[in-house]
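Reviewing the structure listed below.
The values are calculated or read from the model by the stated rules, or taken from the named source; none is laboratory data. Since the model is a prediction, treat every value here as computed from it, not as a measurement. Heads up, the Cβs are rebuilt from the backbone with ideal geometry, glycines too, and the neighbour counts pull from every protein chain shown.
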Amino acid sequence: MTRRWFLGCVAAFGLGVSCVSPSEAEDFTTLYGTARKQARQISSNSLAVPMPPEQWQATLAERREQWREMLGLSPLPERTPLNAKVTGTLERGDYVVEKVYFEAVPGAYVIGNLYRPAVITEPLPAVLYLCGHTKGKVSPTYQSHPRWFGQHGYVALVLDPIQLGESQGLHHGTYREGRWDWQSRGYTPAGTEVWNAMRALDYLESRPDVDGDRMGVTGLSGGGVISWCLGGADERVKVVVPVCQSGSIEQVVTDRSTDGHCDCAFWINYYRWCWSDIGSLIAPRPFLMASGSEDVLWRPSGYRDVAHRIRHQYTALGAGDNFDLVEDLSPHGYTPKLRRAIFTWFNTHLKQDPSPVADDVTDFVEPEENLLVFGGKLPTDDRMREIDKILVRRPELPEITDEKSWQSHQAAALAKLKGLTFRHTTEQHTPHHRAFRDDGNSGGLTSGTYEFESYDGMTISVRTKRFAGSPLPTPLLALAAQPDAKSTFNGGGASRPGVSAPIATAVVEVRNTGVTSVGPGYLWTVRRTYPLLGETLPERQLSDLLAGIALLRNQSQTGPIAVYGQGVTAPLAIYAALLDDEITEIVLANPPETHADPESGEFLGVLRIGDYPQNLALAYPRPITFVGKMPAAYEWTRQAYQKLGAGDKIRVIPNMQQWQPR
């Protein structure tokens, strides 16, 4: 430990700020370190000070809409007819099981079992029970809990999660299937599960045996996450009890426990929320967090801090008795202590009976085949299999009538891109210039390397190459290094296009290229982690590219700057120009044609605003050059420019040797 670090710690303690060891501080310069640092900031800022009642009430509607937006549910889908059907019943003495399904959207089936008392004389409170990721409703664990409610004066509906039991669809998109387009769509299966649950509430409200003013939700594991999510999204839920699925963004990122979760465990975090922010939406309704302290996925370091923050918010709202945390020295799952606390909580707040519950679930297991709604033969026309493509709304193609109407669309679309997809791309954007290195002269070309620190603490290099003797300032073509480039030595290596004099080039070694490259193991993790921070890996690369351009623009030898992208780096060039008005031209070689292609690079919710051809047209009236050929999808961009009287500003050239700035 150095004396300088020790004195720094003394000063830090005096100021009340954190102090980290040299090794930990250095760790913050890696992809993992920067993600961890941002996660810490998100969690520490989340509900750091409870909102006064006036502020809480004044912001409630906006915060709830933001939450729905992060689930892909803003605006909410149309509430189409449920077309609910009961395919059979099981009479079991003091309770009855109904096998039921309904349609969340037309043709997309939600499947469940409804447990109710055998004799009902008045409308009863209802509990929506959400399963974790096992066999769904037929699992012994997930039979026993709704059965307890059905035997104790509740109507309880247990649902199969998508991809499990009889529910079709997919929740392992980025986890297993490489569906990185989900992030571009603004889609998370958590949104589907919440919408299915909201439609389940619609169904429960429609039943004469249910008191629609007394409905609650609970669930274990994945069902615990959706209990949180539903409680924040729908005020009809009067009691919320997530079990063994509560934590913090910091804990998840630090532990890398994203590796142990499928996609429905998280939301698209545009607004950088932590679990405490969801809790502030559930407040002041009765809310019990139930956790096992030995859970390997959701550690006490996360859920206890979140509970502490939420408790303060409840107290500020005068509802301190409506929140509690119950935990047991146990792994992921139920214990008798947790169950008794849960059952007592529901009785207290839905039945006004605070008497401690003494009895537990029974050991009886209904044979799986008895509980199947479709009898073992799943419907072949179930649209739940394509729910990821139909749930989140995409905009209509903009209609181009005249320049004035286009400029109105252009301003609105750019504002949406900057406020949603690239909300965190350009903040604190000025790079800290560390050093410049003259790399020598070869073949009449002078090479150099700039180093700067990105706003989140990574050291990024820019490899430049200039024709000796070119007049100053010199036009500059900036680009991101290719991720598979073996070397960027001497001006950018193979990433650098072969341009003609006098054009200078600058290859920015954006993160996960050059010395910041990571292996495939952590690359998978970081691509799944970044959305928890309101970012993606390509978006972070875009931020690095923009910072490199900002640095070069301040150099006296730099003239007008155009951007170039080839293949996977073409999107970085497109969006760099949209975020930097001073970029004079966009040059593209083999750009991807749609964000719906999982291989095209993920940008959060971008398809909610536009696809590549429509978003590229937002650069109007700046020139666009395609190298080699223009992909068919970009004919839309060309026609848009033509309708606006700027068709000559889109051109196709055979190779980069032919390119000169417009």
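Need the failing condition index for L414 against (1) in a helix (DSSP H, G or I); (2) touching a Lys or Arg at 6+ places or on another chain (Cβ under 9 Å); (3) aliphatic (A, V, I, L, M), just the number.
So L414 meets the others, but not (2).
Within the bounds of the stretch 282-301, is there any residue that is of a type in the set (G, A, S) and under 30 Å from E602 (Cα atoms)?
No, that holds for no residue.
Going through the stretch 134-161 one residue at a time, which ones are under 21 Å from R199 (Cα atoms) and either hydroxyl-bearing (S, T, Y) or at pLDDT below 95 (or both)?
G136, Y142, Y154
Scan the stretch 69-79 and tell me whether some residue there is farther than 30 Å from V361 by Cα, surrounded by 16 or more Cβ atoms within 10 Å (Cβ to Cβ) and free of Cβ contacts under 8 Å to residues at least 24 places away in the same chain.
The answer is yes; a qualifying residue exists.
Out of all the residues in the stretch 289-301, which are in contact with a helix residue (DSSP H, G or I) (Cβ under 7 Å, 6 or more places away or on another chain) and either surrounded by fewer than 24 Cβ atoms within 10 Å (Cβ to Cβ) or of a type in the set (F, W, Y) (or both)?
The answer is S293, L297, R299, S301.
Kindly establish whether P598 is buried (at least 24 other Cβ atoms within 10 Å of the Cβ) and under 22 Å from the mean Cα position of the chain (by Cα).
Here the answer is no, as P598 does not meet what is asked.
What single numbered condition from (1) at pLDDT 95 or above; (2) assigned by TED's automatic domain parsing to the domain that holds E369; (3) farther than 30 Å from V606 by Cα; (4) not in a strand (DSSP E or B) fails to hold for V100?
Of everything listed in (1) at pLDDT 95 or above; (2) assigned by TED's automatic domain parsing to the domain that holds E369; (3) farther than 30 Å from V606 by Cα; (4) not in a strand (DSSP E or B), V100 misses just condition (4).
Is it the case, given these coordinates, that V225 is under 24 Å from G153 (Cβ atoms), buried (at least 24 other Cβ atoms within 10 Å of the Cβ) and of a type outside the set (S, T, Y)?
Taking the combined requirement at face value, the residue does not satisfy it.
Of the residues G567, G559, which is surrounded by fewer than 24 Cβ atoms within 10 Å (Cβ to Cβ) and either within 26 Å of the chain's Cα centre (by Cα) or acidic (D, E) (or both)?
Of G567, G559, the one residue that is surrounded by fewer than 24 Cβ atoms within 10 Å (Cβ to Cβ) and either within 26 Å of the chain's Cα centre (by Cα) or acidic (D, E) (or both) is G567.
Take residues that are of a type in the set (F, W, Y) and either modelled with pLDDT of 95 or more or within 23 Å of the chain's Cα centre (by Cα) (or both) and tell me which of the helices (runs of 4 or more DSSP H) falling wholly in the stretch 204-287 contain 1 or more.
222-233, 275-282
Give, as residue ranges, the strands (runs of 3 or more DSSP E) completely inside the stretch 492-604 that count at least 3 residues that are farther than 20 Å from R651 by Cα and in the same structural domain as L420 (by TED's automatic domain parsing).
The qualifying strands (runs of 3 or more DSSP E) are 504-508.
Does the stretch 546-560 contain at least one residue that is of a type in the set (K, R) and either without any contact (Cβ under 8 Å) to a residue 60 or more places away in the chain or more than 30 Å from D263 (Cα to Cα) (or both)?
yes
Checking the conditions here, which among D581, D544 is under 24 Å from L523 (Cα atoms) and at pLDDT 95 or above?
D544
Among (1) at pLDDT 95 or above; (2) surrounded by 24 or more Cβ atoms within 10 Å (Cβ to Cβ), where does E122 come up short?
(2)
So which residues in the stretch 465-477 are modelled with pLDDT of 95 or more and either over 25 Å from G565 (Cβ atoms) or in contact with a Phe, Trp or Tyr (Cβ under 7 Å, 6 or more places away or on another chain) (or both)?
Of everything in the stretch 465-477, just one residue is modelled with pLDDT of 95 or more and either over 25 Å from G565 (Cβ atoms) or in contact with a Phe, Trp or Tyr (Cβ under 7 Å, 6 or more places away or on another chain) (or both), namely L477.
From the residues in the stretch 640-654 that are touching a residue at least 24 places away in the same chain (Cβ under 8 Å) and more than 19 Å from G567 (Cα to Cα), which one is farthest from the chain's Cα centre (by Cα)?
G645
For residues in the stretch 302-360 being touching a residue at least 24 places away in the same chain (Cβ under 8 Å) and β-branched (V, I, T), which is surrounded by the fewest Cβ atoms within 10 Å (Cβ to Cβ)?
Residue satisfying both the conditions and the ranking: T315.
One residue is enough: does the stretch 624-633 have a residue meeting the conditions more than 24 Å from T425 (Cα to Cα) and either modelled with pLDDT under 95 or in a helix (DSSP H, G or I) (or both)?
Checking the stretch 624-633: at least one residue is more than 24 Å from T425 (Cα to Cα) and either modelled with pLDDT under 95 or in a helix (DSSP H, G or I) (or both).
Restricting attention to the stretch 319-331, does a residue exist that is assigned to a strand (DSSP E or B) and either under 29 Å from R199 (Cβ atoms) or outside the structural domain of S184 (by TED's automatic domain parsing) (or both)?
Within the stretch 319-331, one or more residues are assigned to a strand (DSSP E or B) and either under 29 Å from R199 (Cβ atoms) or outside the structural domain of S184 (by TED's automatic domain parsing) (or both).
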